[in-house]
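To start, the structure under review is shown below, and the notes come after it.
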Amino acid sequence: MTAFRSATRQLAVAARALALFTLVLGIVYPLHATAAASAFPRQAGGSPAIIDGTVTGSTLIGQSFTDSSGTALPEFFQSRPGAYDGAASGGSNLGPSSTELAETVAERRREVAALESVPADQVPADAVTASASGLDPHISPDYAYLQVPRVARARELPEDAVRALVDAAVAGRTAGFLGEPTVNVLELNMALQELDT
């Protein structure tokens, strides 16, 4: 009889714990998470970039500005090298001693130098290396400024006007001291489209 009472008590405790955790984790927590998300609808919705009422991408995920053959479109600012496919995100896992990585970076450096009409030693590191995720939507201000002459030429715009767009697009360090200043390429290209129309 004592074993039966003990088992009954344990089942009652387990049932109460199950009911409590179902209430807290299955109802209360999801309602609070949904309420918090509704306070930030743009971020909760994936920070969509909208042009003429159409979602053209996300300001949180980089995208390439190339034609169907993979050639850079000269009238757009270019992103860092990357996968730009959420299903294929991730680094190459190649280390600094990898000859494959060194060859890839050297080839990218030659391509960027040719595209921008500058010596290879003026090409910033983020122009030739992918981020850890391969999805970073940002480039350094140095890389953005390097692209100004090409973009201005391709769009037949004054360089000063395009440089002013880059100036406005530079985001400072997080909290004033974390990380480095960045430029969101998609947002910059959207501003460029507005300037060009």
Margin query: Can you give me the long-range amide H partners of residue 49? Hydrogens built in the peptide plane at 1.01 Å from N, cutoff under 5 Å, separation of 5 or more residues or another chain.
Written below: 56, 57, 58, 59
Check: When ligands, DNA and RNA are left out and all protein chains stay put, how many square angstrom of accessible area per residue does the range 148-195 have with a 1.4 Å probe?
Finding: 54 Å²
Margin query: Show me the helices of the chain, taken as full DSSP H stretches, that run 30 Å or more along their long axis by Cα and average 0.0 or above in Kyte-Doolittle hydropathy.
Written below: 2-23
Item checked: Per-residue [θ]222 nm for the chain (sum of -39500 (n - 2.57) over DSSP H runs n ≥ 4, rounded to 500) -> -15000 deg cm²/dmol
Item checked: Accessible area expressed per residue, the range 1-60, with surrounding protein chains retained (probe 1.4 Å, Å²) -> 80 Å²
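The values are calculated or read from the model by the stated rules, or taken from the named source; none is laboratory data. Bear in mind that the values here come from a model prediction, so they are computed numbers and not experimental data. Surface areas here come from the heavy atoms of the whole protein model, side chains and all, with no ligands, DNA or RNA. Shrake-Rupley method; radii C 1.70, N 1.55, O 1.52, S 1.80 Å.
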